[in-house]
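Okay, so here's the structure we're looking at.
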Amino acid sequence: MGFLDIFNKKTTTNQESQENKTVFVDEVYLIDIPKDWSPYESDRFRTINKSKKINFSATNYGKPIDMHNRFTVEELEKEIFVLFDRFVNEGGYEPIDDRTTGKDFVYQSFKVDGEIQYYYYTFREGQGMLIRIYFILKEKGKYNAETKSLLFSIGESIMTKIA
């Protein structure tokens with residue numbers, strides 16, 4: 001192995017060993033998704049995997065940035081945690097104990113009938129706008145920590161235009 005080979009070496013986890021492709025969502029931002037996911041017609045960005053076990057959707061909306069009162073993850077938490085509570089109290093969703101908050105996102109998964117629904121809400125600033133981004137990944141079967149990791153990887157891959 002030569003010196004330059006260290007730059008070509010890939011270290012992978014199960015989740016990373018899957019090949020990805022970069023897709024443009026609503027001409028607003030780019031994300032990396034697994035290569036075997038195919039888009040289909042919908043009112044929003046949707047993809048489904050080859051086995052039809054995983055269905056992923058992304059929605060977003062933008063509003064002008066308030067330079068005097070920047071949006072924070074604490075505001076996102078307040079808003080989305082109320083929504084998560086409504087899922088349980090009004091929708092009959094069964095929460096999974098994996099709620100997570102990061103520097104710019106909130107996440108929670110739920111058991112709904114015969115599937116697990118993974119919810120990832122985040123925000124970015126770009127093109128003078130606050131862009132609110134919502135990912136929902138639905139997977140048939142039981143809860144899967146690798147699916148949660150996959151959704152987090154998609155969230156980390158978000159790239160927006162700055163100007």
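Only one residue in K52, K63 is modelled with pLDDT of 90 or more and at positive phi. Which one?
K52
Here's the yes/no breakdown for (1) touching a Phe, Trp or Tyr at 6+ places or on another chain (Cβ under 7 Å); (2) on the phi < 0 side of the Ramachandran plot; (3) not hydroxyl-bearing (S, T, Y):
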residue	(1), (2), (3)
E75	no, yes, yes
K78	no, yes, yes
D98	no, yes, yes
T101	no, yes, no
F110	yes, yes, yes
L130	yes, yes, yes
K138	no, yes, yes
F152	no, yes, yes
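If I go through the range 70-113 residue by residue, how many of them are under 18 Å from F152 (Cβ atoms) and of a type in the set (A, V, I, L, M, F, W, C)?
Adding up the residues that qualify gives 8.
Hey, could you check the range 82-110 for residues that are out of contact with any strand residue (DSSP E or B) (no Cβ under 7 Å at 6 or more places or on another chain) and among the basic types (K, R) and say which is farthest from A145 (Cα to Cα)?
Taking the candidates together, the pick is R86.
Which ones in the range 128-163 are of a type in the set (D, E) and surrounded by 14 or more Cβ atoms within 10 Å (Cβ to Cβ)?
Within the range 128-163, just E139 meets the criteria.
Output the strands (runs of 3 or more DSSP E) that fall wholly within the range 45-120 and possess 3 or more residues being in contact (Cβ under 8 Å) with a residue 12 or more places away in the chain and exposed (fewer than 15 other Cβ atoms within 10 Å of the Cβ), or say none.
Correct list: 54-64.
Quick check on Y120: is it in contact with a strand residue (DSSP E or B) (Cβ under 9 Å, 6 or more places away or on another chain) and under 25 Å from T22 (Cα atoms)?
It is true that Y120 is in contact with a strand residue (DSSP E or B) (Cβ under 9 Å, 6 or more places away or on another chain) and under 25 Å from T22 (Cα atoms).
Do the conditions hold for Y143, that is, is it part of a strand (DSSP E or B), in contact (Cβ under 8 Å) with a residue 12 or more places away in the chain and either of a type outside the set (D, E, K, R) or out of contact with any Ser or Thr (no Cβ under 9 Å at 6 or more places or on another chain) (or both)?
Answer is no for this residue.
So K10 clears everything in (1) over 28 Å from G128 (Cβ atoms); (2) at pLDDT below 95; (3) of a type outside the set (S, T, Y); (4) surrounded by 15 or more Cβ atoms within 10 Å (Cβ to Cβ) except one condition, right? Which one?
Failing condition for K10: (4).
Can you say whether F81 is over 15 Å from the mean Cα position of the chain (by Cα) and hydrophobic (A, V, I, L, M, F, W, C), as far as the supplied structure shows?
Spelling it out, F81 is indeed over 15 Å from the mean Cα position of the chain (by Cα) and hydrophobic (A, V, I, L, M, F, W, C).
The values are calculated or read from the model by the stated rules, or taken from the named source; none is laboratory data. Treat the numbers as computed from the prediction; the structure is a model and nothing was measured. Glycine gets a Cβ as well: all are built from the backbone with ideal geometry, and neighbour counts include every protein chain shown.
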